[in-house]
Structure formats: C-alpha cells, structure tokens
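Worksheet: the structure to be examined is printed underneath.
The values are calculated or read from the model by the stated rules, or taken from the named source; none is laboratory data. Not measured: the values here are computed from a predicted model. All Cβ positions, even for glycine, are placed from backbone atoms using ideal geometry, and neighbour counts span all protein chains on display. Only protein heavy atoms, including side chains, enter the accessible area calculation; ligands, DNA and RNA are left aside. Shrake-Rupley method; radii C 1.70, N 1.55, O 1.52, S 1.80 Å.
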Amino acid sequence: MQSKKLCRLVLTGLTMVGVYGASVYAEAADAGMHVDQVGYLTGYDKTAMVTDSGTDEFSIVDAKTNQVVFSGKLSAAKLDVLSEENLRRADFTSLNTPGTYKLKVGNRESYAFVIGDNVYAIPNVQTWRSFTLSRSGTPLNDKGVTDLQINMGHAQDKEAKVYFTDTLNQKGDTVDVSGGWYDAGDYGKYTTTGAIAAAELLLAYEAHPDHFTKGQLLFPAGAQSDKKLPDALSEVKYELDFLKKMMRRDGSTFHKVAGAQWPGFDKSPDTDTQERFLYSTCTASTAMYGASLAIGARVYNALDKEYAKSLQHDADRVWDYLSKTKESIYRVDEGQENGSGPYNDTNDIQERLWMAAEMMRTTGDKRYEDYLKAHKAEFLQAPGFFTWDNTLALAQFAYAMAKNADAGFQAEVKQVYLAYADKIVGKIKQDGFGCALAKEEYTWASTKNALTQGDMLLMAYQLQPKAEYEEGALSQIHYMFGRNSLDKSFLTGMGSNPPEHPHNRIHESTGAYVPGLLVGGPNHVKGGDPDQTKYLEENKVPVAKSYLDVLTSWSTNEYAIDYTGTAAYALAWFAKPVNVKAKDLQLTRQFPSITK
C-alpha cells in the first residue's frame with residue numbers, strides 16, 4: 001500500500017510519469033463494445049453492453065472464420081449515469097457452444113472472448129499463483145513462465161528491529177519475521193492485510209475444497225511447499241507461518257514490518273537492503289490475525305491435525321489477550337509511516353466480532369456466542385462490504401454458518417446478512433454494466449469493492465442458494481475482465497486489454513510482469529495520488545472512468561494482496577481444477593517495465 005501522503009517517487013533515471021505518459025499498444029477493439037475479454041460460462045447468463053449507435057441488431061461471430069453463430073436484437077438504449085454512456089444490452093445467454101467469438105454491431109466488433117465450461121481455470125491459477133510470486137524470504141526462479149528471478153527477498157527480515165519500546169520490547173530488539181507475502185506495490189508486510197487475504201483464500205477453499213489439488217499452482221523453483229497439502233493451502237500456510245512470527249508473547253501482534261523509506265522502483269526485493277523495522281501494535285489487526293487462525297484451524301484439521309492444533313493454540317492466546325485488553329489500540333510513533341502504509345484502524349469492534357464468530361464456528365464453544373450476544377447491537381447492524389477496517393460482514397457470515405448456534409439468534413444474523421445481499425443484487429440490476437458499485441463506492445480499490453460484494457453474494461448463496469446470487473457474483477467477474485466503460489481488464493495479464501503499467505516494484509525492478517494481480521480501478525475521490533488528482537481536476541471524467549493505467553497512479557493502478565484475495569475467492573468458486581503446464585501460463589505478449 002502506498003501512503004496517501006507520498007508525493008515524491010524516486011525512480012532511477014525517471015522523473016514523475018504523468019497522466020499522459022502511458023503507452024498502450026494492445027490491439028484495440030472498436031469503441032463502446034463492452035465484453036468480458038476472458039469469457040462466459042456455459043449455463044449462465046451471457047450479456048455484453050454496447051454504446052448506442054442507432055443500430056438495433058447484434059451478432060456473435062466465430063473469431064477465426066467470422067461466421068455468424070448467433071443473432072439477436074439489442075435492448076432499448078438507456079443512460080448509465082456513472083459512465084455517462086447510452087447503453088444497449090446484447091443477450092446471448094442461449095449460446096452454449098464452446099468456442100472463441102466476437103460481438104459485432106454494424107461495423108463495430110469487440111475483443112475476442114471464449115464461451116466454455118471452464119473459462120476461468122487459467123485466470124484462477126494465475127491469480128492464486130500471484131501470491132507465490134509475492135513471497136518474501138525465499139529464492140524464486142519462475143523460468144519458462146514469468147521468468148521472475150529473485151535471489152532472496154529481504155533476507156534482513158530475519159533480524160528486523162523493533163521500532164519502539166513498551167512493556168514487551170525494547171527499541172532495537174531483533175525479531176525473525178522472515179517469510180510471508182509482500183502487501184502490494186511496495187515491500188511492506190502487514191498483519192492487517194496478510195490476515196484478511198489469508199482468510200479470503202481459506203474461505204475460498206472451504207467453500208469448494210474439490211476445486212483445489214496438488215500440483216495445481218506449478219510452484220516455481222525455490223518455492224517450498226508442503227506435500228501433504230493441496231497447493232493452495234500450502235501457499236496460505238506460507239503466509240500463516242509468517243504471521244505467527246508477528247505474534248508477541250502476550251498474544252498481541254506487531255502491526256507491520258517495512259523499511260524506513262519507500263524503496264525506489266529500481267530496487268528489487270533482493271537489492272532493497274535497507275534495515276527493516278517492526279512498527280506499531282494494533283488490536284484490530286491482532287483480532288484479524290486471530291480470525292484467520294480460527295479459520296485455518298478448521299480448514300487444516302482434516303489434512304494436518306498437528307498444524308491445525310498449533311493454529312488453534314495461537315488463536316486461543318490471541319483471544320486471551322483481547323479479553324484482557326478492552327480498549328482499541330493503534331500505536332503511533334513518529335516516522336512509522338515514512339516508508340509504509342498506515343492501515344490505521346482505531347475502532348476494533350468489528351474485528352473482535354469477526355474473531356469471536358470464527359472461533360464459535362470452529363470450536364462450538366458457547367462463550368464466543370455469548371460475546372456476540374453481549375454486543376448484539378453492533379453485531380446486528382446492516383453490514384457493508386467487508387474490508388480491512390470493517391469485517392462485520394465476515395463475522396455475520398461465520399456465525400450464520402456455525403453449527404450448534406442458537407437458532408433464533410442465528411436466524412436474526414442470517415436475515416441481516418441476506419438483506420444486504422439482496423441490496424447488492426438490486427444495485428447490480430440498476431447499473432448499466434451489472435456492476436455492484438454505487439457512486440460513493442468508486443474510491444480507492446473500487447475493483448476490490450465490486451469483487452468483495454460479489455464474494456458476499458457467493459457467501460449468501462451458501463446460506464440461501466438463489467440463482468441471482470451466483471449470477472450477481474459472475475457479473476462482478478465480467479466487470480473485472482473488461483465488461484466496463486473503459487473496456488479494461490483490471491487483472492494483470494488477463495484479457496486483451498489488461499493493465500500495462502501496474503504500480504508494482506517487482507515488475508519495474510526485474511522486468512517480470514506477474515499476471516493475476518487485481519489493481520485498484522477507478523477512483524473518483526480527488527487526492528488519491530498526484531496523477532489521479534491532476535486528471536480529475538483538469539478533465540471532466542465520469543465516475544466510472546476515473547482510472548489511469550500509469551505507474552505512478554497508486555490509487556488506481558496498484559494491486560494489493562487483499563484486493564487479489566477477492567478475485568481469488570470468486571474465480572475459485574467457478575473454476576474447476578486443471579493440470580497446467582508452463583506453456584499454459586505464458587503470456588502471449590510482453591509488458592515491459594519503464595525503469596528496467
């Protein structure tokens with residue numbers, strides 16, 4: 001996560017890359033032909049949107065032969081307020097013949113897309129695999145796939161220095177916090193986003209364990225894995241093992257580990273040799289860590305009982321600490337934000353509720369249910385989409401899924417959660433692109449906001465299997481893959497028009513473009529970063545188009561592990577496992593860095 005206050009970016013041999021500095025050389029489709037550039041699943045809705053040109057008919061043609069395979073009438077034109085486009089809808093749901101196609105309207109044609117039974121299989125692997133390629137503290141050699149090569153990212157994390165003094169540590173104490181995933185375009189590692197990302201992946205596995213296998217992620221050389229586990233759980237274990245190192249002896253956690261300064265874009269993980277420090281302690285991030293432990297304890301139990309037992313033991317320690325520490329704590333020391341993002345959550349009640357609910361679901365211990373009942377007013381509030389500073393929705397879902405819960409109280413929780421799911425469905429129906437985002441939700445990480453709401457619909461489906469919940473979640477995948485007003489796929493390397501210049505130091509320093517990373521997307525709130533602010537101030541930009549594919553727009557074009565976790569959940573739900581080879585994961589074109 002890049003600091004919102006950061007306005008100086010040090011690039012070797014490069015000044016600020018402005019709004020107009022991006023070079024886009026993907027073969028463009030005709031304007032206003034909005035399709036999912038990856039594809040559509042057989043048996044589900046298949047719609048595309050086109051800007052109105054007065055033409056009433058559309059056709060679907062074979063991408064190779066140009067032969068028409070389907071024809072239909074476009075819907076009446078309707079203004080989509082957030083994109084300021086007059087849109088017509090092309091519905092080809094009944095076309096279920098697998099193949100690669102294009103949408104045509106008059107002389108205009110779209111990017112190619114696939115119809116098939118498993119169109120998201122490769123994007124799914126790429127997305128989960130992106131966590132592997134974000135590993136710290138291990139050599140990586142992804143020869144023949146992305147060709148990413150890192151000797152050892154931040155080896156100095158084995159002796160990270162505590163930045164502050166309190167009753168547990170003296171400033172300068174060294175702690176081994178090696179391992180784990182880099183958070184985003186920088187090299188910070190945060191308990192907050194590490195915990196929620198790990199939880200998202202564990203919950204994805206729990207929803208469909210049959211969608212995960214050994215060998216699925218084609219681990220690169222150097223990436224150690226646990227042979228007892230499916231690759232996905234082996235990957236999450238790598239993060240959980242790091243988070244365990246962030247736990248302190250009283251059950252609290254350090255908040256983050258990072259350098260004192262933002263590294264330049266020329267610095268790869270193994271050449272950023274600055275000292276690394278442990279900053280802050282925060283009860284909200286501690287509770288999130290505890291929730292991820294509780295999920296892990298039940299998910300790993302059938303596959304590695306000893307590991308599950310260790311996770312539960314640590315979760316108990318976290319809960320004991322939180323039970324004794326009634327106030328919400330977010331420690332601030334001067335200078336702690338100079339080289340890393342704050343993730344400053346000063347109200348931890350939603351995170352405590354989440355941990356209690358996950359502990360109830362895992363253990364069945366009624367004392368956790370008693371805690372939820374004691375905070376009934378907070379627990380039964382209408383949720384929003386979950387995020388790192390508000391996990392109420394995850395708490396409600398966990399309790400709604402718990403066995404042996406108080407039937408009446410559980411019914412109340414389900415009612416609140418499903419009412420919000422129905423609200424999401426209503427927003428999707430009203431939006432011209434079938435996107436769940438309301439105007440005020442086009443903020444920092446808007447794509448994550450949309451995918452999170454899709455994931456919440458899939459969670460709602462587990463409580464009440466309504467087809468519109470699944471379709472609503474799929475609609476957010478379509479949005480992510482280019483069925484939006486920008487015709488932009490927001491997942492790196494996926495679709496015909498993905499991000500060219502993601503805010504990613506690994507890409508810029510090594511030249512290796514990592515596919516499967518979810519970037520932030522449109523952000524209509526001025527002040528996100530200098531490029532984005534200048535763009536909004538100097539142009540009349542529709543809300544849904546407030547996006548820049550430039551390196552230095554970290555508020556629109558940076559990824560983060562918790563963003564990508566939402567995509568991983570959605571894709572894993574719809575993707576069946578495939579036996580991939582290196583050639584299946586190779587990109588068909590180059591994405592050169594600016595600084596390399």
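Descriptive notes on the structure:
- Annotation: aspartates and glutamates with alpha-carbon distance below 13 angstrom to LYS227 (same-chain offsets under eight excluded): GLU235, ASP304.
- Taking the alpha carbon gyration tensor of region 425-522, multiplying each eigenvalue by 5 and rooting it gives semi-axes of 27, 14, 12 Å, largest first.
- Under 5 Å between amide hydrogens, built in the peptide plane, is the criterion, and for TYR40 it picks out VAL114, ILE115, GLY116 among residues at least 5 positions away or on other chains.
- The dipole here belongs to region 64-135: it is taken about the Cα centre, uses +1 on the Cβ of Lys and Arg and -1 on the Cβ of Asp and Glu, and is about 160 debye.
- Backbone HN-Hα couplings from phi across region 378-389 [Karplus 6.51/-1.76/1.60, Hz, Gly and Pro as x]: 6, 5, 9, 5, 4, x, x, 5, 6, 7, 5, 10
- Dipole of the chain, positive end: most advanced residue of THR510, SER340, LEU486 [Cβ charges, Cα centre]: THR510
- Ordered by 1.4 Å accessible area with all protein chains kept, VAL177, VAL416 run largest first as VAL416, VAL177.
- Against the main long axis of the alpha-carbon atoms of the chain, helix 392-401 sits at an angle near 90°.
- The chain - accessible surface per residue (Å², probe 1.4 Å): 36 Å²
- The chain: calculated mean residue ellipticity at 222 nm from DSSP helix runs of at least 4, using -39500 (n - 2.57): -11000 deg cm²/dmol
- Residue range of the chain that is longest and free of GluC sites (Glu not before Pro) which are both DSSP loop and sparsely packed (at most 11 other C-beta within 10 Å): 335-596
- Subset of LYS305/LYS366; LYS102/LYS143; LYS245/LYS267; LYS237/LYS429; LYS64/LYS583 violating a 29 Å alpha-carbon distance limit: LYS102/LYS143; LYS237/LYS429
- Against the criterion of solvent-accessible heavy-atom surface with a 1.4 angstrom probe, THR595, THR65, THR552 sort, most first, into THR65, THR595, THR552.
- Size of electric dipole in region 363-493: Cβ of Lys, Arg +1 and of Asp, Glu -1, about Cα centre, debye, nearest 20: 60 debye
- Antiparallel %, DSSP beta bridges [both residues in the chain], to 5: 90 percent
- Heavy-atom accessible area ranking, 1.4 Å probe, most first, across HIS501, HIS208, HIS313: HIS313, HIS208, HIS501
- Taking Cα centre as origin and charging only the Cβ of basic (Lys, Arg, +1) and acidic (Asp, Glu, -1) residues, the dipole magnitude of the chain rounds to 560 debye.
- In order along region 166-176, the phi-based Karplus estimate (6.51 cos²θ - 1.76 cosθ + 1.60, θ = phi - 60°) of 3J(HN,Hα) comes to 8, 6, 9, 9, 9, 4, x, 4, 9, 9, 7 Hz; Gly and Pro are listed as x.
- Gain in span if fully extended, ASN347 to GLN415, counting 0.36 nm per residue against the direct Cα distance: 22.0 nm
- Built amide H within the under 5 Å cut-off of ASP30, gap 5+: GLU109
- Heavy-atom surface analysis with a 1.4 Å probe gives the chain a carbon and sulfur content of 49 percent of its accessible area.
- For region 205-211, 3J(HN,Hα) per residue [Karplus equation, 6.51 cos²θ - 1.76 cosθ + 1.60, θ = phi - 60°, Hz, x = Gly/Pro]: 4, 4, 5, 9, x, 6, 8
- Annotation: amide H-H contacts under 5 Å for ALA160 (H modelled 1.01 Å from N, sequence separation of 5 or more, or interchain): VAL175, VAL177.
- ARG331 - accessible surface, heavy atoms, 1.4 Å probe, Å² rounded to 10: 70 Å²
- Inter-centroid distance (Cα atoms) of region 357-426 relative to region 462-525, Å: 29 Å
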